[in-house]
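Presented below is the structure to which this report refers.
The values are calculated or read from the model by the stated rules, or taken from the named source; none is laboratory data. These numbers come from a predicted model, not from an experiment. A quick note on method: Cβ atoms are made from the backbone with ideal geometry, for glycine too, and the neighbour counts reach across all protein chains shown.
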Amino acid sequence: MLYPGINAFIVFSGNAPSPFRFLRSLASSLPLYMTLAWIYSVAMIIKGIVSEKEARLKETVLIMGLRNIIYWMTWAVSSLLPLAISAFLLTMTLKYGKVLQYSDPSVIFVFLLVFCLATISQCFLISVFFSKANLAAACGGLIFFLLYLPHSLCYAWRDVMGFRAKLAVSLLSCVAFGFGCENFSKYEEQGIGIKWHNVGRSPQEEDPYTFIVSIAMMLFDAVLYWLLTWYIENVFPGKAVVFAN
C-alpha cells in the first residue's frame, strides 16, 4: 500500500515468474517442442518416400527418364512447404506474443527455415534404411526423436565444451539448432535481440560459436545428410535396406 507523501518501491521475490528464467527455459525446451511438433510430419515424409519405393513407383519414373536429383528435389519442395508454414506461424507467435520482442523476426524465420531443410534431409537419410512404409513411419519418428536426445546432454555441458566439440556434436542438426536457440535467448536477456548485424557475434565473451555458426552447421548437416542418402542409395543399392520386415 502507498501512503501520501511516501515513495515506495515494491520488490517481489521468491518464486515470482521472471522473463529471464523463461528465456533460459526456452533455449533448452524449444528444440524439444519443435521435435515433438514435427514428429508426425517427419513420420509421414518418411512413409511417403518408402511407400513409393515399396510400390516401385520410383523405379518407374526413373525408367521413364526422370533424373534422380529431380525426384529428390520434388520431395524436398513438397515437404518444405508445410514445415515452412509452421515455422512462419511460430515466428509470428514468438515475435508478436512478446516472447522475442527485441529480435528481428526475419532472422528467426530464416533460422527455423534452415532447420526445416536439415530435418527434411534427415528424413531422406532415414528413409533409405527401410522398405516397408508402415514400419518406416513408426521407426522414423522414433529415430527422429532419439536424435534429439544428445541435445539435452550438450545443453547441460555447454559451459565446459570447447568450440571443436560443439562443432562435432552439431553434426546432429537438433544440437546445432539448440545452440542457436541458446544464442538468441541470451541476446534477448540483454535487451538487444538477435538481428542481422549481430548474427556473427556471440552474446557471451570468448565463445566463438555464434548464431551464424549454428545456421552454417545446419546447412552443412542438410548437405551431409543428402550426400549420405545419395551414397547409400547408389553405392549400396542392394544393402541399403536393413529393416525389411
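In a residue-by-residue description of the range 148-170, the property of being crowded, with 16+ Cβ neighbours inside 10 Å, modelled with pLDDT of 90 or more and under 20 Å from Ser79 (Cβ atoms) applies to no position.
Filtered by the rule that a residue be of a type in the set (A, V, I, L, M) and either outside any helix (DSSP H, G or I) or within 13 Å of the chain's Cα centre (by Cα) (or both), the range 112-131 gives Leu112, Leu113, Val114, Leu117, Ala118, Ile120, Val128. Taken together, Ile45, Ile49 contain a single residue that is modelled with pLDDT of 85 or more and within 30 Å of Phe184 (Cα to Cα), which is Ile45. Could you list, in sequence order, the residues of the range 151-191 that are touching a Pro at 6+ places or on another chain (Cβ under 6 Å), over 13 Å from Pro208 (Cα atoms) and of a type in the set (Phe, Trp, Tyr)? Result: Phe177, Tyr187. Is it the case that the range 67-83 has a residue that's under 16 Å from Leu112 (Cβ atoms) and not aliphatic (A, V, I, L, M)? Yes, there is a match, as at least one residue in the range 67-83 is under 16 Å from Leu112 (Cβ atoms) and not aliphatic (A, V, I, L, M). Against the list (1) modelled with pLDDT under 80; (2) in contact with a helix residue (DSSP H, G or I) (Cβ under 7 Å, 6 or more places away or on another chain); (3) basic (Lys, Arg), the condition Arg21 fails is (2). When you scan the range 206-215, do you find a residue that is touching a residue at least 12 places away in the same chain (Cβ under 8 Å) and under 30 Å from Lys132 (Cβ atoms), even just one? No: the range 206-215 contains no residue that is touching a residue at least 12 places away in the same chain (Cβ under 8 Å) and under 30 Å from Lys132 (Cβ atoms). Reported count of residues in the range 103-131, each being without any contact (Cβ under 8 Å) to a residue 60 or more places away in the chain and more than 12 Å from Cys174 (Cα to Cα), is 3.
Residue-wise test of (1) touching a Leu at 6+ places or on another chain (Cβ under 6 Å); (2) loosely packed, with under 12 Cβ neighbours inside 10 Å; (3) among the hydroxyl-bearing types (Ser, Thr, Tyr); (4) in a helix (DSSP H, G or I).
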{"residue": "Ser41", "(1), (2), (3), (4)": "no, no, yes, yes"}
{"residue": "Val50", "(1), (2), (3), (4)": "no, no, no, yes"}
{"residue": "Thr60", "(1), (2), (3), (4)": "no, yes, yes, yes"}
{"residue": "Trp72", "(1), (2), (3), (4)": "no, no, no, yes"}
{"residue": "Trp75", "(1), (2), (3), (4)": "no, no, no, yes"}
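Residue count for the range 88-131, restricted to those that are surrounded by fewer than 21 Cβ atoms within 10 Å (Cβ to Cβ) and touching a strand residue (DSSP E or B) at 6+ places or on another chain (Cβ under 7 Å): 1.
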